[in-house]
Amino acid sequence: MIPIRLSIKNFLCYRENVPILDFNGLDVACLCGNNGHGKSALLDAITWCLWGKARGRTQDDLISYGADESRVELEFLSRDTQYRVIRSHARGGGRRRQGATDLQLQLMDNGLAQPVGGNSVRETQAKIEHLVGMDYDTFINSAFLLQGR
């Protein structure tokens, strides 16, 4: 899996109008900066988008303070084919005790998106893990180290 673009809205410390993070042309990337400036949140956005998990937090905890819904889009290459995963989560409340999560998997072809996900979040998640070639635990223990480990 090679990341191409990351788009974030109302995810952790990132609010609205966040510029798209474009990975094109990068072979190696280093995130550096002061504590609390969102470095780990970028990695959490990737893992949440692909696997629905981010450093042990609940889905509602990932939504920026004051917002009702978060959304992360990740475009990536897998086996020379470009895909986009879109995961969003609306905060629970009122009649809906638990929040609602939506997960989409799209095949990108010349800028056009074709849905290729399953009939449920679970089926779509299985397809994403197959494309990426690893589960969350394998990723966090091989591709990057979680903060504090």
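The values are calculated or read from the model by the stated rules, or taken from the named source; none is laboratory data. Small disclaimer: the values here were computed from a predicted structure and weren't measured. Using ideal geometry, Cβ is built from the backbone for each residue, glycine included, and neighbour counts are taken over all protein chains shown.
Things worth noting here:
- Condition broken by Ala67, with the remaining ones in (1) among the aliphatic types (A, V, I, L, M); (2) within 16 Å of the chain's Cα centre (by Cα); (3) modelled with pLDDT of 90 or more satisfied: (2)
- Within the stretch 128-144, if we keep just the residues that are assigned to a helix (DSSP H, G or I) and at pLDDT 85 or above, the residue that is surrounded by the most Cβ atoms within 10 Å (Cβ to Cβ) turns out to be Ile128.
- Subset tally (residues that are within 23 Å of Met134 (Cα to Cα) and assigned to a loop (DSSP other than H, G, I, E, B)) for the stretch 1-30: 8
Yes/no matrix, rows are residues, columns are (1) loosely packed, with under 12 Cβ neighbours inside 10 Å; (2) among the aliphatic types (A, V, I, L, M); (3) more than 20 Å from Asn10 (Cα to Cα):
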{"residue": "Tyr65", "(1), (2), (3)": "yes, no, no"}
{"residue": "Val85", "(1), (2), (3)": "no, yes, no"}
{"residue": "Ala100", "(1), (2), (3)": "no, yes, no"}
{"residue": "Pro115", "(1), (2), (3)": "yes, no, yes"}
